[in-house]
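The values are calculated or read from the model by the stated rules, or taken from the named source; none is laboratory data. These figures come from a predicted structure and were not determined experimentally. Cβ: placed from backbone, ideal geometry, glycine included. Neighbour counts: every protein chain shown.
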Amino acid sequence: MLHSTLHGKKNFSHQEIEYLSHLRFAIDQHAIVSIANAAGDIIDVNDKFCEISGYSREELIGKNHRLLKSAEHSPAFFRQMWMTIASGKVWQGEICNFNKQGQEYWVRSTIVPFLDENGLPLQYLSIRTDITYTKLAEGRLRVFRRLIETTEQAIRVSDAEGRIQYVNPAYERLLGYRSREVLGRDFVAVGTAGQQEERVSEVLKTLAEGKSWTGLLKLTRKDGSEFMSLSNLGPIMDPNTGKLANTFNMFVDYSAEIDRQQALERAVEEANEANQAKSEFLSRMSHELRTPMNAIIGFSSLMEMDDELSENNRDNVNEIIKASRHLLQLINEVLDLARVEARKVELSIEPVDCVVLVEECHSLLRPLLEKSEVSLKISLPEPFIVRADHIRLKQVLLNLISNAIKYNRRGGKVCIQGETIETTSGHFLRLHVQDTGNGIAPERMKELFRPFNRLGAEYGEIEGTGIGLVITHSLVELMGGEIGVSSELGKGSDFWIQLPAEVLPELQETTTATATATAPDQQQRRYTVLYIEDNPANIKLVTQALARLPHISLFTAHTPSLGLDLAHHHQPDLILLDINLPGMNGYQVLAELKNRTRTASIPVIAITANAMRRDIERGKQAGFAEYLTKPLDISLFLRTVNEFLERSE
């Protein structure tokens with residue numbers, strides 16, 4: 001098309017037409033070609049031009065080349081281009097155009113002018129090559145180069161033999177070498193500190209396998225000083241051969257961070273030592289204070305019993321006893337606070353029935369309710385069972401309910417309610433203790449859980465230490481729960497605690513009855529199971545769980561020695577064993593069972609709160625048939641027990 005169009009122009013010389021003939025193949029195959037008149041109006045284009053510009057031939061013919069102009073180039077750029085063409089010379093360069101969709105594309109253009117008999121441009125032939133992807137790649141390369149040239153991470157690139165090929169400015173600043181001093185040298189010999197042969201060998205082996213290595217590597221600066229680097233070394237594989245082509249190391253000086261971590265560890269250690277010293281001091285002080293307190297309270301009580309004591313002196317003695325008991329309470333709570341802060345509170349997490357526990361608290365607090373003329377209403381759904389430490393949860397509830405009574409008004413009310421909370425973390429139960437007291441000012445809410453801060457109540461008649469809520473807050477968190485409060489001045493407060501719910505799944509109905517009806521002569525075999533555990537709550541839980549399986553007789557032992565004796569004499573079908581036992585731990589008991597002929601073949605299942613991965617692996621390596629962790633999944637527990645008993649048949 002294009003060749004024939006040019007060939008028909010009478011103004012072209014034979015030489016020009018011959019030249020165009022030589023270009024024909026290249027033009028038709030891959031070039032983006034257009035012909036324009038002296039004013040720049042398009043006379044003809046080839047298919048490639050239409051393809052990249054997005055316009056059809058009909059849309060382009062007669063239009064000026066300015067249709068494709070982008071804002072990339074300055075007016076001076078175009079002036080220089082047209083001056084060159086107007087002088088009859090060929091112009092070559094890169095031009096950025098817009099396609100029909102308004103998107104940029106780049107071409108490398110050669111514009112050839114064809115002159116009339118007077119030597120003036122008559123038409124222009126523009127031959128272009130699409131270089132859009134090349135320009136994009138160059139742009140990315142410039143960005144990448146700028147990145148590695150300006151980053152604070154030192155970068156070193158070596159060939160497959162370890163010879164340094166490139167280092168960035170950060171490398172030069174950090175190690176003190178100029179690039180010309182290290183190029184071509186082995187990267188291990190330059191900058192790597194000595195006495196790290198094992199680590200260097202590990203790095204080289206990892207890179208040779210085509211893998212990355214990250215870790216601490218000691219490096220040496222040009223001046224001989226050493227520092228610890230956090231290095232990330234990696235391979236660059238040849239895409240054609242799949243072999244190692246280059247390696248790189250991106251690293252920073254990690255010395256300051258190591259110093260910071262070590263300082264933090266020392267600070268934590270010192271804090272722990274100080275905390276331990278505080279706990280020991282408080283423990284000793286508690287003992288020293290209790291001795292004189294015993295005498296004060298004891299002798300005051302004797303004086304109170306004296307019938308000849310005057311009324312005035314009796315009042316004085318009552319004040320002494322009252323103050324002494326308050327002081328004793330303070331001593332107890334300060335000691336308890338020290339244990340909580342040091343995280344030395346021993347907890348036994350188990351199912352706790354809050355309905356029963358609240359009733360126990362009600363009984364204990366009835367005298368205070370009557371004295372304060374406050375009524376208590378309990379509205380808990382049944383069942384309302386949480387996972388908590390029974391004793392510590394009782395302590396929490398006693399504190400919250402007694403506060404709701406003491407800081408209430410005469411004739412006021414305390415209401416205890418419960419609700420179910422579903423979160424992404426699981427199933428929880430929330431227990432509210434609501435009162436009709438004076439409430440708490442919003443600006444003082446943040447002071448609520450600070451030790452010895454009674455929010456001004458220390459100036460009133462109500463006794464207190466300002467520690468109870470702090471202990472309550474810490475205990476709830478230690479039991480895996482949350483505590484919160486909402487309050488309104490003049491209307492009262494609502495303290496709530498939220499703890500994980502205990503769900504005892506219903507067992508699926510068995511076919512025992514059907515089997516008995518169809519085969520009355522066949523009786524289900526009975527099994528014996530021995531449970532060695534020192535915690536009464538855990539024994540109670542397993543006893544109640546196995547009571548659902550009537551074909552099992554359960555023996556329990558609260559000491560290792562008793563458990564070994566029962567195992568020897570009764571030879572149970574299965575043994576359940578706790579790890580943390582008094583006198584002998586579970587591993588020692590297991591070893592003793594395996595060493596005895598009569599018990600060596602009995603499967604032993606560990607039931608323990610030691611739930612770390614290393615604990616589980618250790619348990620299985622020691623020879624436990626199965627390792628179940630607390631809190632027990634009752635359904636899984638019963639299924640596991642049944643499976644082992646069926647294997648024993």
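Structure notes:
- Filter result (out of contact with any strand residue (DSSP E or B) (no Cβ under 7 Å at 6 or more places or on another chain) and of a type in the set (D, E, K, R)) within the stretch 33-68: D47, E51, E58, E59, R66
- Residue ID - surrounded by the most Cβ atoms within 10 Å (Cβ to Cβ), chosen from residues in the stretch 100-124 that are more than 20 Å from G54 (Cα to Cα) and aliphatic (A, V, I, L, M): I111
Yes/no matrix, rows are residues, columns are (1) over 21 Å from A160 (Cβ atoms); (2) aromatic (F, W, Y):
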position: W213; (1), (2): no, yes
position: T220; (1), (2): yes, no
position: N232; (1), (2): no, no
position: N240; (1), (2): no, no
position: A245; (1), (2): no, no
position: V268; (1), (2): yes, no
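- Residue match in the stretch 38-52 (condition: at pLDDT below 85, under 21 Å from D116 (Cβ atoms), among the hydrophobic types (A, V, I, L, M, F, W, C) and in the same structural domain as Q123 (by TED's automatic domain parsing)): yes
- Matching residues, the stretch 125-149, being surrounded by fewer than 16 Cβ atoms within 10 Å (Cβ to Cβ) and among the charged types (D, E, K, R): E138, R140, R142, R145, R146, E149
Residues are listed down the side, and each one gets a yes or a no for (1) more than 30 Å from E422 (Cβ to Cβ); (2) surrounded by 13 or more Cβ atoms within 10 Å (Cβ to Cβ); (3) modelled with pLDDT under 85; (4) aliphatic (A, V, I, L, M):
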position: P500; (1), (2), (3), (4): no, yes, no, no
position: P505; (1), (2), (3), (4): no, no, yes, no
position: T559; (1), (2), (3), (4): yes, yes, no, no
position: L566; (1), (2), (3), (4): yes, yes, no, yes
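- Out of I602, I634, sole residue that is β-branched (V, I, T) and more than 30 Å from A388 (Cα to Cα): I602
- Neighbours by Cβ (under 6 Å, 6+ apart or cross-chain): first from the stretch 525-544, within 19 Å of A567 (Cβ to Cβ); second in a loop (DSSP other than H, G, I, E, B) and charged (D, E, K, R): Y527/D573; T528/D573; E533/D578; I539/E533
- Segments classed as strands (runs of 3 or more DSSP E), wholly inside the stretch 372-452, with at least 2 members that are touching a residue at least 40 places away in the same chain (Cβ under 8 Å): 385-389, 413-423, 426-435
- In the set (1) of a type outside the set (F, W, Y); (2) modelled with pLDDT under 75; (3) surrounded by fewer than 13 Cβ atoms within 10 Å (Cβ to Cβ), P451 fails one condition alone, (3).
- G583 being in contact with a strand residue (DSSP E or B) (Cβ under 9 Å, 6 or more places away or on another chain) and free of Cβ contacts under 8 Å to residues at least 40 places away in the same chain: no
- Taking the criterion of being of a type in the set (G, A, S) and modelled with pLDDT under 85, the residues of the stretch 603-641 that qualify are A609, A611, S635.
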